[in-house]
1. So, residue 33, is that one within 17 Å of the chain's Cα centre (by Cα) and touching a residue at least 12 places away in the same chain (Cβ under 8 Å) or not?
2. With the requirement that a residue be surrounded by fewer than 24 Cβ atoms within 10 Å (Cβ to Cβ), at pLDDT below 90 and either in contact with a helix residue (DSSP H, G or I) (Cβ under 6 Å, 6 or more places away or on another chain) or closer than 14 Å to residue 99 by Cα (or both), what does the stretch 24-36 give you?
3. May I ask you to list the residues in the stretch 120-175 that are over 25 Å from residue 79 (Cα atoms) and modelled with pLDDT of 90 or more?
4. Given the conditions (1) surrounded by fewer than 24 Cβ atoms within 10 Å (Cβ to Cβ); (2) touching a helix residue (DSSP H, G or I) at 6+ places or on another chain (Cβ under 7 Å), report the number of the one that residue 260 does not fulfil.
5. Assuming residue 39 fulfils every condition listed in (1) at pLDDT 90 or above; (2) surrounded by fewer than 24 Cβ atoms within 10 Å (Cβ to Cβ); (3) over 19 Å from residue 236 (Cα atoms) apart from one, which condition is it?
6. Residues in the stretch 207-225: is at least one part of a helix (DSSP H, G or I), in contact with a helix residue (DSSP H, G or I) (Cβ under 8 Å, 6 or more places away or on another chain), surrounded by 22 or more Cβ atoms within 10 Å (Cβ to Cβ) and modelled with pLDDT under 50?
7. Looking at residue 80, is it touching a helix residue (DSSP H, G or I) at 6+ places or on another chain (Cβ under 6 Å), closer than 19 Å to residue 141 by Cα and surrounded by fewer than 18 Cβ atoms within 10 Å (Cβ to Cβ)?
């Protein structure tokens, strides 16, 4: 699963550090160039639910194998695109291919390890995804100067090919879904095994109780408001900053070369660590408090990047990346843990749709705002989005508490 994540996410985000080179090659502004990211993530968002449904029919492992294979083949062909329009079409198809992994992976893991170990497993998976995103961005950024954007994308595709082959050869067959009597991971507001309630509320029925299934199904809509807001608004904010980062770092007064500017993606190492630790943080603070805290840390990082000092900008990206990936890991686990086993695939698919819809739309809108109004306005817009996401998480807690579902 880690190899599959490295392969697909390296391919998905490889064009991000070379957006300035694409803009120069095809005579585009930042908003136009960012469509190379937006169409891929937008197509992913559209395809994720149909592919999640298909995985229920043909098997999740089969869809994951198809995903890594098809996305890698398109990645190898992408440098041959004769025009930006053709490149966008290929990126859209690649986004559909990546949706097979992105929309199925969490449900596949839930069946394989059970809900009791799901937060840690999802955190580890997202940590692997962040490694792929970081390697894809760094590889493309360092290869862009000597090899151009064609060679940069080809280099990342070569790395993805190796990881895809490893995933196809080693990925276990579909696991049998764990029985509902298994002790679940603590859900938002539910008591952890052997401890008091996570949020200080009354808690929810245990998974083994007679009304656990209906209760969880009934409150699935309310329980997903917060994590879906994180998926749309949090991801849109995060991608908007990284889409515009290359343009800002290459422009005066910083005027960094592509290889030096791509070093900002080393911040993804912070995301790898924070996403792996997110499950423990949620168990200690409670889902709501931990998620709101992660969004607050992300906002602090955003504000730090507004300074003109390069060390402070680098610190800001490290902080915001750590905060966002922790929030993303907790939101992903929240959705999977709060859904009944038979609805897990659909719930994960809905979250993934929101995540990449936010990535595509928010990332493109942010690039347009940066192109016309500058970095300070971009920080103001994205910070407002994060604030709305935090309010949605708090609203989810209050709604669940008032309905008797716990904190």
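The values are calculated or read from the model by the stated rules, or taken from the named source; none is laboratory data. Computed from a predicted structure; not experimentally measured. Because the Cβ atoms are built from the backbone with ideal geometry, glycine has one as well, and the counts that use them run over all protein chains shown.
1. Numbers: within 17 Å of the chain's Cα centre (by Cα): no; touching a residue at least 12 places away in the same chain (Cβ under 8 Å): yes.
When the stated conditions are applied, residue 33 does not pass them.
2. 29, 30, 31
3. Of all residues in the stretch 120-175, those over 25 Å from residue 79 (Cα atoms) come to 120-128, 169-175.
169 - this is the single residue of the stretch 120-175 that is over 25 Å from residue 79 (Cα atoms) and modelled with pLDDT of 90 or more.
4. (2)
5. If we test residue 39 against (1) at pLDDT 90 or above; (2) surrounded by fewer than 24 Cβ atoms within 10 Å (Cβ to Cβ); (3) over 19 Å from residue 236 (Cα atoms), just (3) comes out false.
6. Our first condition is that a residue be part of a helix (DSSP H, G or I); within the stretch 207-225, this holds for 212-218, 220-223, 225.
Filter once more, keeping what is in contact with a helix residue (DSSP H, G or I) (Cβ under 8 Å, 6 or more places away or on another chain): 216-217, 220, 222-223, 225.
Restricting the remaining residues to those that are surrounded by 22 or more Cβ atoms within 10 Å (Cβ to Cβ) gives 216, 223.
Imposing the further condition that a residue be modelled with pLDDT under 50 reduces the set to 216.
Within the stretch 207-225 (the criterion being part of a helix (DSSP H, G or I), in contact with a helix residue (DSSP H, G or I) (Cβ under 8 Å, 6 or more places away or on another chain), surrounded by 22 or more Cβ atoms within 10 Å (Cβ to Cβ) and modelled with pLDDT under 50), the answer is yes, since at least one residue qualifies.
7. Values: touching a helix residue (DSSP H, G or I) at 6+ places or on another chain (Cβ under 6 Å): no; closer than 19 Å to residue 141 by Cα: yes; surrounded by fewer than 18 Cβ atoms within 10 Å (Cβ to Cβ): yes.
In short, no.
Condition check ((1) within 22 Å of residue 347 (Cα to Cα); (2) surrounded by fewer than 18 Cβ atoms within 10 Å (Cβ to Cβ)) across all residues:
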site	(1), (2)
87	no, no
107	yes, no
139	no, no
144	no, no
155	no, no
162	no, yes
